[in-house]
1. Can you give me the C-alpha center-to-center distance between the stretch 71-110 and the stretch 36-65, rounded to a whole angstrom?
2. Scan the stretch 49-136 for chymotrypsin sites (Phe, Trp or Tyr not before Pro) in coil per DSSP, keeping those whose Cβ has at most 14 other Cβ atoms within 10 Å, and list them by number.
3. Which order, highest average first, do 22-34, 51-63 follow once you tally other Cβ atoms within 10 Å for each residue and take the mean per peptide?
4. Given the options Ile77, Pro51, Gln40, identify the residue whose Cα lies farthest towards the positive end of the charge dipole of the chain (+1 on Cβ of Lys, Arg; -1 on Cβ of Asp, Glu).
5. Kindly report the accessible area of the chain per residue (heavy atoms of protein chains, probe 1.4 Å, no ligands, DNA or RNA), in Å².
6. Mean residue ellipticity at 222 nm from the helices of the chain, using -39,500 (n - 2.57) per DSSP H segment of n ≥ 4 over the full residue count, to the nearest 500 deg cm²/dmol?
7. Taking the Cα centre as origin and putting +1 on Lys and Arg beta-carbons and -1 on Asp and Glu beta-carbons, what dipole magnitude results for the chain, to the nearest 20 debye?
8. Taking all protein chains as present, what is the carbon and sulfur share of the accessible area of the stretch 3-139, in % to the nearest whole number, probe 1.4 Å?
Amino acid sequence: MTADSLSSPMGSVRLIGLPVVSDPRGDLTFVEGGNHVPFQIRRVYYLYNVPVDSERGGHAHRELEQVIFALSGSFRITVDDGRERREFWLRDPRTGLYINRMIWREMDAFSQGAVCMVLASQPYDEADYIRDYASFAEQTKY
Ligand code: TYD
């Protein structure tokens, strides 16, 4: 772990590459909780039928960890730790974005027919959300 990842949650945000088994019948990718992603998977959800001008996210989580994939199509994720913002384009079903706790995220620029799959470390809990940016920024002062 680098000094940066100790001092800033953003230091842990990273792209995770999954294995691929390819043969003439097509490609197969798999993911094991605690192995390919750094938590046990407690929930999977997915976004589909997303209008291309839709904006999703707009919140942070107090404890939840997630890995986000574009299973089909593409979209942009902007992450923010209260100090810096970074932008990622997801467009490859083998590559997910790991987002640790206390990272604000916004998702937009969905391509037509995009499918976003999210692996999450906990069941859904509205109390874990921070949906107000000012409140998030206040809690991430270092
Ligand atoms: P939200 O997490 O705000 O969606 P996004 O970050 O993709 O914009 O969730 C939207 C709605 O769906 C909200 O009313 C809560 C509900 N929801 C569940 O009931 N269970 C879940 O696992 C998730 C992710 C959301």
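1. So the two Cα centres are separated by 10 Å.
2. Tyr124
3. 51-63, 22-34
4. About the Cα centre, the residue reaching furthest to the positive side is Gln40.
5. 56 Å²
6. Rounded to the nearest 500, it is -2000 deg cm²/dmol.
7. Approximately 180 debye in magnitude.
8. Ligands and nucleic acids excluded, carbon and sulfur give 48 percent.
The values are calculated or read from the model by the stated rules, or taken from the named source; none is laboratory data. It should be emphasised that the depicted structure is a prediction, and the values quoted were computed from it without experimental measurement. When we count neighbours, we look across all protein chains shown, and the Cβ atoms used for this are built from the backbone with ideal geometry, even at glycine. Ligands, DNA and RNA are excluded from the accessible area calculation, which covers all protein heavy atoms including side chains. Shrake-Rupley method; radii C 1.70, N 1.55, O 1.52, S 1.80 Å.
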